[in-house]
Amino acid sequence: MEYLIHLGILFAIYSILGLSLNLVVGFTGLLSISHAAFYGIGAYTTAIILTKTGLGFFTSLILGIIIVLIISFLIGLVLSKFKGDYYALGSIGFNVIVLSVLLNWQDLTAGPLGIAGVSRPEILGIDFSNKFYFLILILIFLLIFYLISLFITKSPFGKILKAIREDDGAIQIFGYNILYFKLVIFIVSAVMAAIAGSFFASFVTFIEPSSFAVSESIFILVVSILGGLASLRGSILGALFLVLLPEILRLIGFPVDIAGQMRQVIYGIILILLMLYRPQGLIGEYKI
Amino acid sequence: MDIIPQIIINSLVAGAIYALISLGFNLIYGATKFFNLAHGIVVVIGGYSILCFVKFLGLNIYLGVVISVIISGILGYCLDRFVYLPLKRKKASNMVLLVASLGIFTALQGIISIIFSSQFQSLSENSEQVVFSFFNGFITETQIIILISLVLIGLGLILLLHKTQFGREVRAINDDEEVAKIIGIHTNKIIGRVFFIGSAIAGYAGILVGYDTGLEPTMGLSLLLKGVIASIIGGVGSIYGGILGAFLLGFVENFGILKISGGWKDAIAFGLLIIFLIFRPRGIINK
Amino acid sequence: MKQKKFIILAIVIIIIVAFIGFSFKKTNKNYSNEPIKIVALFPLTGGLASYGEPAQKMAQIAVKDINDAGGINNRKLEIDYQDHKCDPKEATSIFQQALDVNKVKIFTSVACSGTVSAVSPLMKNDNALLLGTIITANKLSGISPYVFRNWASDKNEAKLFADEIKKRGYKKIGVIYEETDYAKGLKLSLEEFLKDSGIEIVSESFVSGSTDVRTQLSKIKQAKVEMLFISPQTVTSGDIVLKQIKELGLNKTALFVNDNIIKAKDLVSKYADVLEGAIGGDYIMKRDEKTDKILAKYREAYGVDCPQTNICSGVYDAINLLADAIKSKGYDVAGVKSYLESVDYAGISGQISFDEKHDRKNADYSLFLIKNGKAELYNQ
């Protein structure tokens, strides 16, 4: 049972991440491979605040939101000048730069030594060290984000995003400032990723920069694409599948030491097969 | 400041490696117009092939190099034939090809990790390395081979592209694939060969890196990204551009960390990329 | 189109249900004749597998000896060997899994101080205890009331180095270290001991997994230091550093090496020329006929001698200590903790007791000199 709760928390974290990336890639058509950076900033903000100050989890969430708001605004601004595959490469670049900051600003982050002992939240007297409560808390957030995403995508704002995805030249002619739209959705998505990061830090209690490298961004991309781009339920499905996959492998009896690498092989094959035969993912509606 | 000669040598060697990677990458980009991220893992496979043949099977090193290079080339060819070509037939966009190449990269990297374990492997047997000294800077035999290889391969490629029929056809495809098809060029066949050559060069680069620093299954992404940065800042698709970009990158990286911690190397490299993407997206050559 | 979506959804739900079904089968039952479980966090793969492998082999012999003699109050001792790969992240997730899912409370570990500092904040309210062997970082002294160290703190090693440096009259030294708790910790301790000596220290670092430290070495070379202290975390990174020291022509500089290098006999002989005259530090344990008798069992079982006798005897003692503690006080953290705090145990590695910071008492480092590819005790 404990084990299921553990998996449930991971599922919730990756669902939020998948949702956030889907907003940018699936709905707006911007191939961003940088979300691990915001995930990491959220995680580090919470880790630093919880271990070095007396402030609480929710304070760290708010601080994380503010920091990511600013950073994603700047990054989004620069990225919006790029197109298609250049956008992807530029986003990788920003991921690497943020990672370098996490690695090298050692006074703040302890660099590669990582930050240990990040505690679980405590609000209104409820101690979320109990994993079950933690799971409930994060599921609540998942629900909130799902509803927010639903609202965005079904609104006129969302329709403009889809139009940008299909043909941003045309939509500009109609007088829409596409920069504004791209930026807003990028920032919203980054904030969601950051909050997922905060939960992650509290959950694993020890974080280090290598968890937020480009490979993690690629993994989040797989979650989004697998589930189905432009399908919110798809991201949830993708997260479910990809969190369960390593466990299924382990149950089948793959030796533990190659399980990690086997996962990579499978992710890669999933991507290839998806692109070849089902680019819209499991239940998506948009083929990139 | 007598550290300068050493930094210059470090920059030249780094630049040469990046240049070799970008040569293959640019060749493929020129013909296909998409970012083939699987290029990075071909580099790694080249290195591990030679590990197999020379260290584990005890083959003569020259033979090992030839076989490894051919294996890399064939791998690239197969990727085109079995993944990219079918995708292009389905009118896949560049992003789809990029994601597919990402999938190939991830899957193959996992397989290499499983076969060879994630441990670092050194190709040089003993600690004996012939070392030469220039003005207080030290350069090893392997590093000299890297520099010479770049010159030879670069020249070879230029000759190939400008003095042969094959080269002409490749350049025609680079300019406009549709038109090339119309005038009767078998574009798929030519592109297949381009993949072979580009990947063979990549594999060779992997062998050199293996001898220079060593092998690790995860080194592909970093090398690939540097090669891509070199290509973009040089002017993507251009052979000369790639080489220029590569050396620029090598120098900026190594001189950049003279005063600050070495951990910022990657950030400097990508910072350079982003600056170019903003201000001069067509690269130094400005095609 | 809708049909396809439905089918996919249905398949996924079936997989989930099947999965949940499987998981419930794995519940942990706790009968009183079930074996007593200890989790061992060893570096079975990765750059320090040369420690983890003999540690595991020796631990298996210890377990067999204990069980042959009746086990722990007639229950069998069982060790669950886990690979921390010298990665604090890996160690944390193994630890949490063992704690939460498998309800294990007693842990033992080998090497990689970073892994211990990562899991120690998770031990509270008597929920877990760890007895570690060959964990040397100074910051582990007293890091948690639930962590015990069956080894010497390398603060002593740093002091010995500092004394030797001052004795030799060096005015400018270089340090190249790996960014880990252990390797960096040693450098920090050294700097602490050289604080008011007026000796200039040029330091450069590299991240775990780096394959190219040439720029760092070039900077050190430019600074024209009289001595270079090398502090890598693993044999692998030590290999890379030494190779590039040679390539850059730094091998004329006097070298000091940390205990991971001096223990790595293959590395020391491979770089015999570079390391000729180098000074290193290590903690040696007592060795007498009692020790030899147990070490002979290793040879008997595996056909080779234990390549790191200190680790083997240390681990053998650690397992026995934990078994005795559980026998005496039950599988209870508070009980085992109080037992260890007051124990005075005649182990095969010497007399073992712990000081108020839970470090092994009377454990001290010695200096070594490398000559002809071998390390020998250094008589100053």
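No value in this document is a laboratory result; all are computed from the given coordinates. All figures in this text were calculated on a predicted structure; none of them were measured in a lab. As a convention, Cβ positions derive from the backbone with ideal geometry for all residues, glycine included, and neighbour counts pool all protein chains shown.
Data table
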quantity	calculated
Three semi-axes of the equivalent ellipsoid, chain A, Cα gyration tensor, whole Å, largest first	29, 23, 18
Cα-Cα separations in chain C greater than 41 Å, expressed as whole percent	21 percent
Residue range of chain C that is longest and free of trypsin sites (Lys or Arg not before Pro) which are both DSSP loop and sparsely packed (at most 14 other C-beta within 10 Å)	C:30-102
Value of relative contact order over chain B, rounded to a whole percent, pairs C-alpha under 8 Å and six or more apart	37 percent
Stretchable slack from residue B:121 to residue B:178, in nm (0.36 nm times residue separation minus alpha-carbon distance)	16.0 nm
Whole-Å distance, taken between Cα centres, linking region C:49-63 and region B:257-287	48 Å
Mean residue ellipticity (222 nm) of chain A, computed from DSSP H runs ≥ 4 via -39,500 (n - 2.57), nearest 500	-25500 deg cm²/dmol
Lys, Arg +1 and Asp, Glu -1 on Cβ, resulting dipole of the protein assembly as shown about Cα centre, debye, nearest 20	2560 debye
Label-point separation in nm, residue A:155 to residue A:250, each point 7 Å along Cα→Cβ	4.1 nm
Once exposed loop chymotrypsin sites (Phe, Trp or Tyr not before Pro) are cut out (DSSP; at most 15 other Cβ, 10 Å), longest piece of chain A	A:177-288
Orientation-averaged projected area, Cα convex hull of region B:73-127 (nm²)	5.3 nm²
Nearest-ten-degree value, helix C:289-302 long axis tilted from longest Cα axis of chain C	70 degrees
Region B:4-279 shape via C-alpha gyration tensor axes, a/c threshold 1.5	prolate
Cβ-derived FRET efficiency at R0 45 Å, residue A:177 paired with residue C:81, nearest 0.05	0.15
Shape call, region B:107-179: gyration tensor on alpha carbons, a/c limit 1.5	oblate
Hypothetical label at residue B:133: residues of region B:1-45 whose amide nitrogen lies under 19 Å (7 Å Cα-Cβ projection)	B:1-10
Sequence of B:146, B:285 once ranked by neighbouring C-beta atoms within 10 Å, starting from the fewest	B:285, B:146
Neighbour-limited loop hits for trypsin sites (Lys or Arg not before Pro), region B:52-159 (at most 10 other Cβ within 10 Å; DSSP other than H, G, I, E, B)	B:91
Overall Cα dimensions of the protein assembly as shown, principal axis frame, Å, largest first	88, 68, 51
Which of C:134, A:70 has the fewest Cβ neighbours within 10 Å, and the rest in rising order	A:70, C:134
Number of partner chain Cβ atoms within 10 Å, mean per residue of C:116-122	5
Between 0 and 90°, nearest 10: helix C:2-25 axis offset from chain C longest Cα axis	90 degrees
Rough spin-label spacing in nm, given labels placed 7 Å along Cα→Cβ, for residue C:293 and residue A:4	5.3 nm
Of B:209, B:162, B:269, farthest towards positive along the dipole that unit charges on Lys, Arg, Asp, Glu beta carbons give region B:143-276	B:162
Inter-chain Cβ neighbour average for residues A:115-122, partner chain, 10 Å	3
Check: region B:4-279 dipole with +1 on Lys, Arg Cβ and -1 on Asp, Glu Cβ, in debye	800 debye
Alpha-carbon centroids, region B:40-60 and region A:1-70: separation in whole Å	40 Å
Förster radius 41 Å - calculated FRET efficiency between residue C:197 and residue B:141 (Cβ-Cβ, nearest 0.05)	0.50
Mean-position separation - Cα centroids, region C:307-325 and region A:236-255, in angstrom	37 Å
Length-normalised contact order of chain C in % [C-alpha pairs under 8 Å, at least 6 apart]	17 percent
Exposure proxy ranking, count of Cβ atoms within 10 Å, fewest first, for C:306, C:312	C:306, C:312
Helix B:165-175 axis, angle to chain B major axis (alpha carbon atoms, nearest 10°)	80 degrees
Averaged over B:107-116, number of beta-carbon atoms from partner chains that fall within 10 Å	5
Size of charge dipole - region C:41-98 - debye, nearest 20, with Cβ of Lys, Arg +1 and Asp, Glu -1, no other charges	80 debye
Shape category assigned to region B:193-253 from the gyration tensor of Cα positions, a/c cut at 1.5	oblate
